[in-house]
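The values are calculated or read from the model by the stated rules, or taken from the named source; none is laboratory data. Note that the structure is a prediction, hence the values are computed from the model and not measured. Neighbour counts run over all protein chains shown; Cβ positions are idealised from the backbone, glycine included.
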Amino acid sequence: MSADPTFREAVLQGEEIELLLDAVQDYAIFLLSPVGQIQSWNRGAERTFGYEAPEILGKHFSTFYGPEDQAARKPQMELSVAESEGRIEDEGWRVRKDGARFWANTVITAWRDKTGVLRGFAKVTRDLTKHREAEERLRQSEEMFRLLVQSVKDYAIFMLDPGGNIATWNEGARRLKGYERDEIVGRHFSIFYPEADVRNGKPGWELEEAIKNGSVEDEGWRVRKNGTRFWANVVITAVFDEHRQLRGFAKVTRDFTERKEKEEAQRALMEQREARLAAEEEKRRAETGYRIAQEANRAKDEFLMTLSHELRTPMTAILGWTRLLPSLPPNEESFRDAVSSIMRGAQLQARLIDDVLDVSRIMSGKLRMSVENIDVAKLINASIEAVRPSADAKGIRITTELAAGLGAITGDPTRLQQVIWNLLTNAVKFTPRNGSVEVRSARTASHVEICVRDSGEGIEGHFLPHIFEPFRQAENPSTRVHGGLGLGLSIVRYLVEAHGGTVSAESEGRGKGATFIITLPVGAVRTAPKPGSLDVPADEMIEKSLRGLRILIVDDDREARQMIRAVLLQAGAEVIAVDTAQRALEELGMRTADVLVTDIAMPSMDGYALVREVREQKQHDQMKIAALSAFPSGRVNATSSGFDEFLSKPIDPFALVDAIARLASQAAPDGSGANS
């Protein structure tokens, strides 16, 4: 609408423009006369200022200005500038009809005709109150944040430009770093890093990491203005605008020196504690090792004492009877008692030596076993028969309860008989007169169980866990009642475990007997068993079974050589006995033999050298060679060195005859000997 139709027609070019301006509601658009009187009014003006057209047209536009602006003649100044400059833009407070103020953006543009004469002004006003309020809130927030950052004293908080130069500085940074704002702003932040970090490019690397990952956190030494170092926790955050353009970095630094010192002190205390614990542990191990060594020495001393006792005791009878034998008539009872006593003493010593050698082989891992099929019932009965004389002498009753169908298992028959014999011998030894020993056995699908139970002295509870340890005995060596070296049960455990089985001991205590249980796996039964392994030689087996054989004996020990010669002569053999390997070679050079029996350890030339020499001579191809040695490991060495058989000293005369007869039967295919 317009107050002056002539002016209105001059300004507005057509009804379409008037309609367009009148339809605008977000902007107040109206015309002013050259002196500032309102000439038109649109809907936007009505909405912004609150006046309707009839009540505002013709009035001066200064109506919209506050008293302070009117007093300052701001409306007249704006018209003057618009007239001279062509336009003027301003932001400020304006007043609505109801007196309410709003923040306005105004543009006043001078309008002239073709001749340059001023015809009036076009004025556009926009309400920016909300925008102004938002900007004010932002300004206040930024100011509060600036004041907050500036007031923080425990943290160094400052901005870096994209190149890493310091742009802002707070009180915390001044206190922490020692620099005033004027002397640090504009300098590169690498000034805070030790020289080594600067040379290694650490400051630049941290900025790159912040750009790549958004932020980077680090702990390390930093340098103050005065050159002192402090341990710092640093967080650098990259700052981007809405277009992802890098604007700089926010850097927060905190002094962790006190924490670092506490950590170092704690670490030092922990290291001291660990060192102390390690020293205590080392001391404990040393003390434990010392105790173990002391215990080992004590066990060794007790074992040597026991061994000395066990060897000397039968030796007393052997030496005594040996001195008396020449003066005793052969047909007297005392003569036969002397021979029996000597034999028992020698057998006991042989068993003691065998036990010691078995333990040596076990500990060195050199114990060998010959696996074959074993009849379980026959194994048990043979072991019982071996100890029955000792049991009968004490009136001890041995009973058996063997389940039907025990069948066969695979194992070393000699070693398994040794196991059962050891258990039975212990049962008889520790059972008082007129006691009882029970042997039971049963079979399952996977194993055979053999149980030996006695009514003897039993085992103390504190000693039961050590019952299978070598050299351990419940009795004191100097006061014990029963003999032995304390090796039997340790050998039992090893032999059973070597067969894949287990052995355990049970006892309710002193005077309540003991039970030993052996469990052996069945294993795969072989199809070609070796016969006769469990046969025990009887006294009447010495016959003329070696008649027609020529046997050469080589042994540097005169007593052993004469004993072997006497046994073989009694068995019907032709015997040549020599004391050196060289003499044996001389004898063989004159005439061969069916069987050569030689010792291993001999002066000048040992048994190994002898057998190598003989095997190189074709005329002795059919001769069988047996080693007879006291060496515990002789079986492996002898077999691999050309021997046909290994016989261990001491050897029973009957076993010697049987072994040579069996060896000779394997000679030439036609069965002929050297004398044929």
Among the listed residues Val419, Val437, Val452, identify the single one that is over 15 Å from Ser504 (Cβ atoms), in contact with a helix residue (DSSP H, G or I) (Cβ under 6 Å, 6 or more places away or on another chain), crowded, with 22+ Cβ neighbours inside 10 Å and in the same structural domain as Val387 (by TED's automatic domain parsing). Val437
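Per-residue answers, yes or no, for (1) surrounded by 21 or more Cβ atoms within 10 Å (Cβ to Cβ); (2) farther than 22 Å from Phe646 by Cβ; (3) hydrophobic (A, V, I, L, M, F, W, C):
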site	(1), (2), (3)
Arg565	no, no, no
Glu574	no, yes, no
Ala581	yes, no, yes
Ala601	no, no, yes
Leu610	yes, no, yes
Name the pairs: first residue in the range 107-121 and closer than 21 Å to Asp90 by Cα and without any contact (Cβ under 8 Å) to a residue 40 or more places away in the chain, second residue of a type in the set (Ser, Thr, Tyr) and not in a strand (DSSP E or B), Cβ to Cβ under 9 Å, at least 6 apart or on different chains? Ala110/Ser84
For residues in the range 240-258 being free of Cβ contacts under 8 Å to residues at least 60 places away in the same chain and over 42 Å from the mean Cα position of the chain (by Cα), which is surrounded by the most Cβ atoms within 10 Å (Cβ to Cβ)? Phe240
Please identify the pairs in which a residue from the range 608-632 that is farther than 17 Å from Lys649 by Cβ has its Cβ atom under 6 Å from the Cβ atom of a residue that is charged (D, E, K, R) and assigned to a loop (DSSP other than H, G, I, E, B), counting only partners at least 6 apart or on another chain. Lys624/Asp644
Residue list for the range 489-502, restricted to those being of a type in the set (Val, Ile, Thr) and without any contact (Cβ under 8 Å) to a residue 60 or more places away in the chain: Thr502
Flag if Glu258 is acidic (Asp, Glu) and part of a loop (DSSP other than H, G, I, E, B): no
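Go through the residues of the range 319-326 one by one and say whether even a single one is modelled with pLDDT of 75 or more, aromatic (Phe, Trp, Tyr) and outside the structural domain of His447 (by TED's automatic domain parsing). Don't jump to the end; show me each part of the working.
The first filter runs over the range 319-326 and keeps only residues modelled with pLDDT of 75 or more, leaving 322, 325-326.
Cutting the leftovers down to aromatic (Phe, Trp, Tyr) gives us none.
Scanning the range 319-326, I find no residue that is modelled with pLDDT of 75 or more, aromatic (Phe, Trp, Tyr) and outside the structural domain of His447 (by TED's automatic domain parsing), so the answer is no.
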Given the conditions (1) touching a Gly at 6+ places or on another chain (Cβ under 8 Å); (2) of a type outside the set (D, E, K, R); (3) surrounded by 15 or more Cβ atoms within 10 Å (Cβ to Cβ), and given that Gly204 satisfies all but one, which numbered condition is not satisfied? (3)
What tally of residues in the range 371-416 results from selecting those that are surrounded by fewer than 18 Cβ atoms within 10 Å (Cβ to Cβ) and touching a Phe, Trp or Tyr at 6+ places or on another chain (Cβ under 7 Å)? 1
If Ala674 passes every condition in (1) touching a Ser or Thr at 6+ places or on another chain (Cβ under 6 Å); (2) at pLDDT 85 or above; (3) not β-branched (Val, Ile, Thr) but one, which one does it miss? (2)
So for the range 250-273 (the condition being farther than 17 Å from Pro162 by Cβ and among the small types (Gly, Ala, Ser)), does at least one residue qualify? yes
Looking at the structure I just gave you, is Met305 surrounded by 10 or more Cβ atoms within 10 Å (Cβ to Cβ), part of a helix (DSSP H, G or I), modelled with pLDDT of 85 or more and among the hydrophobic types (A, V, I, L, M, F, W, C)? no
Output the residues belonging to the range 121-171 that are at pLDDT below 85 and in contact with a His (Cβ under 7 Å, 6 or more places away or on another chain). none
Any idea which residue in the range 15-33 is modelled with the highest pLDDT, counting only those that are in a loop (DSSP other than H, G, I, E, B) and farther than 28 Å from Ser84 by Cα? Asp26
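Where residues in the range 103-129 are of a type in the set (Ser, Thr, Tyr) and in a strand (DSSP E or B), which of them is farthest from Ala45 (Cα to Cα)? Write out each step before concluding.
The initial filter retains those residues of the range 103-129 that are of a type in the set (Ser, Thr, Tyr), namely 106, 109, 115, 125, 129.
Then drop every residue that is not in a strand (DSSP E or B), which leaves 106, 109, 125.
Details: Thr106: 12, Thr109: 17, Thr125: 8 Å.
Looking at residues that are of a type in the set (Ser, Thr, Tyr) and in a strand (DSSP E or B), I get Thr109.
Hey, could you check the range 605-643 for residues that are part of a helix (DSSP H, G or I) and at pLDDT below 85 and say which is farthest from Ile353 (Cα to Cα)?
Looking at residues that are part of a helix (DSSP H, G or I) and at pLDDT below 85, I get Thr639.
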